[in-house]
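Working notes for the structure below.
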Amino acid sequence: MQDFTFHMPAAVADASGLLGSCEDPKLIAGGMTLLPTLKQRLAEPTDLIDLGAIADLKGIRREGEHIVVGAMTCHADVAASELVLSTIPGLAMLAGQIGDPAVRHRGTIGGSCANADPAADYPAGIVGLGATVVTNQREIAGDDFFVGLFETALEPGEIITAMRFPVPKWSHYMKLRHPASGYAVVGVMIVDTGAGVRVAVTGAGPSAFRVTAMEEALSADFSAKAIDAIKVDADGLNADMHASAAYRAHVIGVLAKRAIAARR
Amino acid sequence: MGQFGIGQPVRRKEDVRLLTGKGVYTDDVNIDGQVFAVFVRSPQAHATINSIDIQPALAAEGVIAIYTGDDLAADGVGTLETEVEMSDLAGNPMFRPKRTLLATGKVRFLGEPVAVVLAETQEQARAAAELVMVDYDQLPSIASTSGAVDPSSPPVWPEHGSNVSVHWENRPASEIDVHMERAKTRVTVDIVNNRLVPNPMEPRAAVAQFDAETGVMTLYAPTQGGRRIQGGLAKGILKIPADKMRVISQDTGGGFGIRGKLYPELGVVCWAARRSGRPVKWRGDRSETFVSDYHGRDQVNHAEMGLDENGRVVALKVHTILNVGAYMGENGPRLPISGGGRIIPGVYDIANFYFSVKPVFTNTVPTDTYRGAGRPEANFLMERLMDAAADATGLSRDEVRRRNVIRQDQMPYMTQMGLLIDSGDFIGNMDMAMEHSDWKGFEARRKDSEKTGKLRGIGIGNFVEAAGGRPTEEMRVRISPDGKATVFAGTYSHGQGHETVYAQLIEEYLGVPFADVSLVQGDTATSPMGSAGTFGSRSSWMGGLGIRKSSDAVIAKGRKIAAKLLQGEEEGVTFENGVFSAGAGSVTIQEVAKAAQEPKNLPEGMEPGLDESFHVKRDAELFNFPNGCHVCEVEVDPDLGIVQIVRYTAVDDCGVVLNPFIVHGQVYGGVAQGIGQALTENTVYDAEGQLMTGSFMDYGMPKAQHFSHIEALFNEVPCKTNELGVKGAGEAGACGAPSAFVSAVMDALKPYGIRHLDMPLTPDRVWQAIAEAKSDKAA
Ligand SMILES: Cc1cc2nc3c(=O)[nH]c(=O)nc-3n(C[C@H](O)[C@H](O)[C@H](O)COP(=O)(O)OP(=O)(O)OC[C@H]3O[C@@H](n4cnc5c(N)ncnc54)[C@H](O)[C@@H]3O)c2cc1C
């Protein structure tokens, strides 16, 4: 790891200022992705700006019909939150399936989304629940946030401050774990918003995407049967030595049906 | 037997120390004035080295020296060579290339060290290593095991002309063909026995210090006992007397066979310490584990077996290709044969056996011993054949096995490969495993699983090993004047729990309380000269016997002293529970130890002290034969291809069990590694020889979630060839698990007509097979 200057600002504005003034700065949240990158010398920032001391970025609260999760909230806190469990259980379920206990106590929702790993779980939650990504500069619709492989709509210098989730009628997340890493080979989030059904998939493509054919069928008839005949096209899906594109396409269907079957 | 004697489930003495962070691993060792070494490794699988430009790196901050293979050669540093020699039936010897510690001229696998950078800090050394400019010309490469037998495959060693090092055969194939032709039923299996990265918890490391005044080189490194590494480094590499080479391993975080080896980096670090005049520390990271620790397994087997009308095997032919990697490891090339594979045909009584092995070179990390070292592969092959035989004959899987296993009344049994199996109750193992796994009740459980959409399967796997490793080990037992006992060992516990078991033996044999026994190990300066180390499940068998014999010698000497103290005749002195008695008088072993310091208490000419050694030497062809039967039960989710173990029963015969608690631990760990191979682990090289599974992100280690409770049981048949009655216990689990597991999954997949899949049975692979079977049916 290359030497760097370490900063721990107490306010988002200070962090933002540092981002502007330092030579080659990098934000650090839980460090679960960034630290290994630094250790392998794949990134060599001059300055690390730790968001851990900014109180505003932590915690989960209700704002009307929304649940707001601060960017620096760790996965374990989301998984165990009474508020999340009682309003968006699918989100708690998702957070509880990320990595292992150590990772869940360090990794954050902001870091995970900013990183936009194609196999990360949270993107399915952001897209599936129709969340809004709140930054220090603007609000970005969840649907527009993940734009490609490790690529988001964030501009340089932009800091995620929170995620705002509308409370749905029902939500559920299912995941097939990667045999080695534990990340999502496929993760499926199904949400009944009250106004319609959303189906978001992570792990299978370059970034999280929605399966509109399933959404339409389920909005008309919310049952596993309704999507039985819908085949997801394997074309363009991820393929690696652990899972072919055909397998991933198939698994999306299986997990979607199982998620629906979980609703009593 | 006392509370801490033989057979008691004594808690491990070493655990509090190890679990509270008080272990001392090589990375905990720091020497004043040390510099840090970082290796420059080849990013190419196969290439000519045109030049190495070290100038920019030399100029970097903190850099002290950079050495290449040329520097080593100029200084007369030796090379590594395999210990294996084999020839074909015509007497042509195998091709045995030498390996220079740092590649010169060519690199032959990705990760091969090319240069070493020494700098004041680890970070400086790393940064400078990136500045070492190696100009490569890429050469065509080969990674595939089966592909390497193709005469047109790119040669790793053009000087040999072929990638096949030798074609070893036990006899002409034609001798067996006649029997095969008479068979009523013939079955064949084709197996890819997947390559594994052993991955001990502690990555490799080394700290070397050279004392110019005394000429002593001291190396700290994780090992499995330093004696062999000491010899190899002194004689083969540094060309110094062995007594000037000291190897120390305080604690080592796992070995599994591959930590016992003399790696090039160890030689380089020692030499660099001598050359630079500074102590040198190298801390390998996990990425280096993947590309430079020896790998395990990697065989391709084709086997054919013929059975008569009674389901008795009449002929067996086995063709094995072993991927040795780019160079030959110390023991690697012998694993399919004398290293373990010669236990084929396993627990079965098969008279006509042809065996062919081709060790092949590829542009991959060399392979060598890994938990089981040839026996897991051998047993897996036999058990897949038996399952195929069951299918072909219509006999049940256990019946076809029962008809062919070596019966107890055939013991001792001389195998086709010349091993004399002294004991074992193979039918009893099966009976016990089937009873405890409720094999009879399986159909009902299968139906229950069906209701939840799951396919349930049950599988069985027999196994036998030839364990014991090298035929020499020496142990020393000392009772100090304060009455405490010390065992000086050259065996080396790197997780096994010798501190505990050896103390149990001392309490049993000498009556010195368990708490008063300590173990000195892991230092060639204190370990007895005749020691070899811990590998091949040998520490109880060889080391235990050494303790027993040393203890006998302690008693014999003690008896003479006691006779003098008690003013009796030596013949009249008895010894029991730590007390020497003669008539009405008695004296404890502790009192004798104290008295033994005073020449006046000793018979004429006797050396003071109570300190005896025994050098165990056995016939090189004498082994012990751990064996057992494992039954595994799984549920397969056919929609996702996920396999979940739901029940596991392991019956092991490791002879007399010295400590069931510790042996259970060995069984659990071995089963975990066996299941790892069968369910999650796979080392993948692409066609260019690039390693696709170079980290835990891609290489699947087995996790707790993959297991059910493992019921570990013993069918204890004392070994007849040692006084303790022990057989090896360390590798059994890895030998039994893959076959029981794969058998279970194939049983579950029987409705689809799927009879064999290669390991690991990952969700994608299982689902793919099911999808293909379904579309075949539809077609
Ligand atoms: C062993 C292991 C297993 C894992 N398993 C899973 C899994 O199963 N599923 C899964 O989804 N994830 C998994 N992860 C990822 C983990 O959950 C983290 O979410 C992820 O590593 C990033 O979060 P972090 O808080 O650690 O971010 P960091 O590593 O600190 O940062 C990641 C990137 O995001 C940027 N960043 C951080 N915070 C912000 C912000 N507020 N605004 C803008 N940019 C920001 C950083 O600059 C950096 O570029 C795993 C990680 C590990 C190490």
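The values are calculated or read from the model by the stated rules, or taken from the named source; none is laboratory data. Computed from a predicted structure; not experimentally measured. Note that each Cβ is placed from the backbone with ideal geometry, even for glycine, and that neighbours are counted across all protein chains shown. For accessibility, only protein heavy atoms count, side chains too; no ligands or nucleic acids. Shrake-Rupley method; radii C 1.70, N 1.55, O 1.52, S 1.80 Å.
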Of the residues in the stretch A:182-192 that are within 30 Å of B:P702 (Cβ to Cβ) and assigned to a strand (DSSP E or B), the one that is nearest to the other protein chains (Cβ to nearest Cβ) is A:V185
Out of (1) away from chain A (no Cβ under 14 Å); (2) in a loop (DSSP other than H, G, I, E, B), the odd one out for B:N193 is which? (2)
So B:T20 fits all but one of (1) within 22 Å of B:L101 (Cα to Cα); (2) open to solvent by 70 Å² or more (accessible area, probe 1.4 Å); what number is the exception? (1)
If I ask for residues that are among the acidic types (D, E) and more than 14 Å from every other protein chain (Cβ to nearest Cβ), which ones from the stretch B:711-760 would you list? B:E711, B:E716, B:E723, B:E731, B:D747
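Residue-wise test of (1) under 18 Å from B:Y263 (Cα atoms); (2) within 14 Å of chain A (Cβ to nearest Cβ); (3) of a type in the set (S, T, N, Q); (4) open to solvent by 10 Å² or more (accessible area, probe 1.4 Å).
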| residue | (1), (2), (3), (4) |
| --- | --- |
| B:V77 | yes, no, no, yes |
| B:T82 | yes, no, yes, no |
| B:N92 | no, no, yes, yes |
| B:F95 | no, no, no, yes |
| B:L102 | yes, no, no, no |
| B:V107 | yes, no, no, no |
| B:P113 | yes, no, no, no |
| B:A125 | no, yes, no, no |
| B:A128 | no, yes, no, no |
Could you list, ordered by first residue, the pairs with Cβ atoms under 6 Å in which the first is in the stretch A:49-64 and in contact (Cβ under 8 Å) with a residue 60 or more places away in the chain and within 14 Å of chain B (Cβ to nearest Cβ) and the second is among the β-branched types (V, I, T) and near the ligand (Cβ under 9 Å from one of its atoms), at least 6 apart or interchain? none
With respect to the numbered conditions (1) modelled with pLDDT under 95; (2) not in a loop (DSSP other than H, G, I, E, B), which one is the sole condition not fulfilled by B:G736? (1)
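Taking the condition of being within 14 Å of chain B (Cβ to nearest Cβ) and either touching a Lys or Arg at 6+ places or on another chain (Cβ under 9 Å) or closer than 18 Å to A:G110 by Cα (or both), how many residues in the stretch A:1-42 meet it?
Counting residues in the stretch A:1-42 that are within 14 Å of chain B (Cβ to nearest Cβ) and either touching a Lys or Arg at 6+ places or on another chain (Cβ under 9 Å) or closer than 18 Å to A:G110 by Cα (or both) gives 10.
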Where B:S174 falls short, out of the listed (1) over 30 Å from B:G255 (Cα atoms); (2) in contact with a helix residue (DSSP H, G or I) (Cβ under 8 Å, 6 or more places away or on another chain); (3) among the hydroxyl-bearing types (S, T, Y): (2)
Could you pull out the residue among A:P179, A:P166, A:P206 that is away from chain B (no Cβ under 14 Å), in contact with a Gly (Cβ under 7 Å, 6 or more places away or on another chain) and closer than 30 Å to B:A687 by Cβ? A:P206
Determine whether the stretch B:163-185 contains at least one residue that is surrounded by fewer than 21 Cβ atoms within 10 Å (Cβ to Cβ), out of contact with any strand residue (DSSP E or B) (no Cβ under 8 Å at 6 or more places or on another chain) and of a type in the set (A, V, I, L, M, F, W, C). yes
Filter the stretch A:157-176 down to the residues that are within 13 Å of the ligand (Cβ to nearest atom) and in contact (Cβ under 8 Å) with a residue 40 or more places away in the chain and list them by number. A:G157, A:I159, A:I160, A:T161, A:A162, A:M163, A:Y173, A:K175, A:L176
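Listed here are the residues, each with its yes/no results for (1) of a type in the set (G, A, S); (2) buried (at least 24 other Cβ atoms within 10 Å of the Cβ); (3) assigned to a strand (DSSP E or B).
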| residue | (1), (2), (3) |
| --- | --- |
| B:G628 | yes, yes, yes |
| B:V631 | no, yes, yes |
| B:V634 | no, yes, yes |
| B:L640 | no, no, no |
| B:Y648 | no, yes, yes |
| B:D652 | no, yes, yes |
| B:I662 | no, no, no |
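B:G676: crowded, with 20+ Cβ neighbours inside 10 Å, part of a helix (DSSP H, G or I) and within 14 Å of chain A (Cβ to nearest Cβ), yes or no?
Here the answer is yes, as B:G676 does meet what is asked.
Considering the stretch A:227-244 alone, what residues qualify as being among the hydrophobic types (A, V, I, L, M, F, W, C) and either in contact (Cβ under 8 Å) with a residue 12 or more places away in the chain or not assigned by TED's automatic domain parsing to the domain that holds A:A213 (or both)?
A:I227, A:I230, A:V232, A:A234, A:L237, A:A243
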Identify the residue in the stretch B:761-775 that is over 18 Å from A:A239 (Cβ atoms) and at pLDDT 95 or above and, among all such residues, is farthest from the other protein chains (Cβ to nearest Cβ). B:A773
Residue check, B:R278 basic (K, R), over 22 Å from B:S537 (Cα atoms) and open to solvent by 10 Å² or more (accessible area, probe 1.4 Å): yes
Enumerate the strands (runs of 3 or more DSSP E) found wholly within the stretch A:1-110, keeping only those where 2 or more residues are within 14 Å of the ligand (Cβ to nearest atom). A:5-7, A:25-28, A:47-50, A:66-70
Going residue by residue through the stretch B:578-585, is there one that turns out to be at pLDDT 95 or above, touching a Gly at 6+ places or on another chain (Cβ under 6 Å) and closer than 30 Å to B:S708 by Cβ? no
Just one of (1) part of a loop (DSSP other than H, G, I, E, B); (2) within 14 Å of chain B (Cβ to nearest Cβ) trips up A:A195, so point out which. (2)
When you scan the stretch A:213-229, do you find a residue that is within 14 Å of chain B (Cβ to nearest Cβ) and open to solvent by 10 Å² or more (accessible area, probe 1.4 Å), even just one? yes
Subset of the stretch B:755-779 [among the β-branched types (V, I, T) and part of a helix (DSSP H, G or I)]: B:V766, B:I770
Inside the stretch B:333-362, can you point out the residues that are closer than 22 Å to B:A620 by Cβ and basic (K, R)? B:R334, B:R342
Do we find that B:N323 is open to solvent by less than 20 Å² (accessible area, probe 1.4 Å) and either closer than 30 Å to B:A212 by Cβ or out of contact with any helix residue (DSSP H, G or I) (no Cβ under 9 Å at 6 or more places or on another chain) (or both) in this structure? no
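So if I check each of B:R402, B:R371, which one is modelled with pLDDT of 95 or more and in contact with a Phe, Trp or Tyr (Cβ under 6 Å, 6 or more places away or on another chain)?
B:R371
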Is it the case that B:D53 is among the acidic types (D, E) and either within 28 Å of A:E44 (Cβ to Cβ) or touching a strand residue (DSSP E or B) at 6+ places or on another chain (Cβ under 6 Å) (or both)? yes
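How many residues are of a type in the set (K, R), touching a helix residue (DSSP H, G or I) at 6+ places or on another chain (Cβ under 8 Å) and open to solvent by 60 Å² or more (accessible area, probe 1.4 Å) if we restrict to the stretch A:1-51?
1
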